[in-house]
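Colleague: The structure's right below; bear with me while I get my questions together.
The values are calculated or read from the model by the stated rules, or taken from the named source; none is laboratory data. Given the structure is predicted, the values throughout are model-derived calculations rather than measurements. With ideal geometry, Cβ positions are generated from the backbone for all residues, glycine too; neighbour counts draw on all protein chains shown. The area values use the complete protein model at the heavy-atom level, side chains included, leaving out ligands, DNA and RNA. Shrake-Rupley method; radii C 1.70, N 1.55, O 1.52, S 1.80 Å.
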Amino acid sequence: MSDNYIRAFAAAGLIGYFLGSINFSILVVRLLKGEDIREKGSGNAGLTNTLRCYGKGCALLTLIGDLGKGVAAVLLSRLVCSLLDAGISPDNDTHYIGYIAGFFAIIGHVFPIYYGFKGGKGVLVGVSIFLVVDPAVFAILIVIFAIVLIISKYVSLSSIIASACCPLATFMSEYFIFGTSAKLSLLYAALSIPMAAMVIWMHRSNIQRLREGCENKFSFKSSK
């Protein structure tokens, strides 16, 4: 592996992690309400808990911020990769670097360096990277999430199932929609697996509550 590849991987990891560590749920609630979202509701610094505890205004700002940081992580990492000429094909493909940046953005969101390594579950930032790396996968995952949520009323179950579908959706999108080679399609699908696995792992307590039948169902109403 050339030095440029190593630099590109390192840059994508650092950019993804430090941008991912900016938690907009924590920031929005602290700035607008003077409170710590991690001490409210489920204790999770994410969109659903923000909506439940503080309503649609705070939730919308959290949504915009956390989507934006995932997109920014991918775009900045791709730019660095292009400048380093660190492609993996004769066409200097830098598509793969988005998955690396995305994975580390999830790590940053889950274990943010700015907030004592206590963050959210990574769903929103995870799906946000597909706005850039593969919009078709983004659309597929949103549809899967919405269908499961409508049927079950469980955000956690919707997130888990959508995440589990991500690698297959990535391969199908790349190979059948965008005409990417089988080799690269499999590579991108493989790179999406750690992101999906991280999100599912962060929902292990939700999985236990689902098994016990005591998981909270989704509502647009805040708890206040």
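Colleague: Using only DSSP helix segments of four residues or longer, with each worth -39500 (n - 2.57), what per-residue ellipticity at 222 nm results for the chain after dividing by its residue count and rounding to 500?
Modeller: The helix contribution divided over the chain gives -22000 deg cm²/dmol.
Colleague: If you build a Gaussian network model of the chain, linking Cα atoms that sit under 10 Å apart, which residue out of Ala73, Ala196, Ala136 swings the most?
Modeller: Ala136
Colleague: Could you point to the residue in Gly55, Asn44, Gly70 farthest towards the positive end of the range 32-116's charge dipole, with +1 and -1 charges on the Cβ of Lys/Arg and Asp/Glu respectively?
Modeller: Among Gly55, Asn44, Gly70, the one farthest towards the positive end of the dipole of the range 32-116 is Gly55.
Colleague: Here's another thing I want to ask about it. Asp3: accessible area at probe 1.4 Å, nearest 10 Å²?
Modeller: About 100 Å², rounded to the nearest 10.
Colleague: Moving on. Quick one: with all protein chains in place, what share of the accessible area of the range 141-224 is carbon or sulfur, to the nearest percent (1.4 Å probe)?
Modeller: Details: 3410 of 4880 Å².
Accessible surface attributable to carbon and sulfur in the range 141-224 totals 70 percent.
Colleague: With a 1.4 Å probe and all protein chains left in place, how much accessible area per residue does the chain have, in Å²? Mind dumping the intermediate values first?
Modeller: Values: 10750 Å² over 224 residues.
Result: 48 Å² of accessible area for each residue.
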